[in-house]
Amino acid sequence: MLAVFRALLARPTIGPVSSWTLGPENGTLTLHTGVTGAAARMGHRLTIVMDAWTISVDGPDDQPSAVSLVVDVDSLRVESGEGGLTPLTGPEKTIVRSNALKTLNAQRFPTIEFHAEQIGKTAAGYVMRGALTIHGATRAVDIELSVAADGALSLSTDVSQRAYGIKPFSMAMGSLKVADAVTVSFEGRRPGA
């Protein structure tokens, strides 16, 4: 979703183009999870990177009129895990990835999508109002993008798994659970900045 905001501010590379597309080469789309339950100290707080996504932007640079983000759920990569009794190993990352794809039911719902057609300027950048679809469920959301004077772009927003019909992963009879809120963040830089 942060990438969507980056797209809002990106400049087309050839003349006065009214639409353009961006991807992972323009920034990083990251998910951060927490842990809850009686055994929470045993769990890892995960950093997950989405490696395949596309943003389509319509409208002039200074006021985009529509933005679409499509994320390939299968591109999910476990970057790291903080906490836990022991460091998260490579084989454990593979297991975590498999569990995450099952939780998201990636075979049935292969994409996460955000489509915004109401975009307004704010003091810090832009706010987009649109439809976020995860796990086959669509909800209206507002997402804010911060834009620094040097062209750096950033976004951070929390998404409730349960709001989209997702039961957060749990183990040990529920004593160790992934927290319901997942923080979605984007860091990037506007091209040419």
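Helices in the chain, meaning DSSP H runs of at least 4 residues, each add -39500 (n - 2.57). Divided by all residues, the mean residue ellipticity at 222 nm is -3500 deg cm²/dmol. Phi-derived couplings, Karplus 6.51 cos²θ - 1.76 cosθ + 1.60 at θ = phi - 60°, listed residue by residue for region 133-142: 10, 9, 6, x, 10, 10, 9, 7, 9, 10 Hz, with x used for Gly and Pro.
Using R0 = 35 Å, the C-beta based FRET efficiency linking Asn99 and Ala152 works out to 0.55. Averaging the sequence gap over all C-alpha pairs within less than 8 Å and six or more residues apart, then dividing by the number of residues, gives region 2-189 a relative contact order of 26 percent. Counting alpha carbon pairs within less than 8 Å and at least 6 residues apart, what relative contact order, in whole percent, applies to region 53-153? Relative contact order for region 53-153 comes out at 22 percent. Kindly provide log₁₀ I(q)/I(0) values, in the same order as q = 0.15, 0.17 Å⁻¹, from the Debye equation applied to equal alpha-carbon scatterers of region 80-182. The Debye formula, applied to the Cα set alone, gives -0.82, -0.96. Remark: relative contact order (region 34-99) = 35 percent; criterion is Cα-Cα distance under 8 angstrom and separation of 6 or more residues. Available extension along the chain between Thr28 and Ala40 is 1.5 nm, counting 0.36 nm per residue and deducting the alpha carbon span. At q = 0.12, 0.15 Å⁻¹, what base-10 log of I(q)/I(0) does the Debye formula yield for region 2-189 when every alpha carbon is treated as an equal point scatterer in vacuo? One equal scatterer on each Cα of region 2-189 leads to -0.59, -0.88.
Compared with the dominant Cα axis of the chain, that is its longest principal axis, helix 90-103 is turned about 70°. If the cut-off is a Cα-Cα distance under 17 Å, which aspartates and glutamates reach Lys93, setting aside same-chain residues fewer than 8 apart in sequence? In chain and number order, the partners are Asp51, Asp74, Glu79, Glu82.
Note on Val70 and Thr138: the extension gain reaches 23.1 nm, defined as 0.36 nm multiplied by sequence separation minus the Cα-Cα distance.
Since every read-out is calculated from the coordinates, none of them should be taken as a lab result. In this text, all values refer to a predicted model and were calculated from it rather than measured experimentally. A quick note on method: Cβ atoms are made from the backbone with ideal geometry, for glycine too, and the neighbour counts reach across all protein chains shown.
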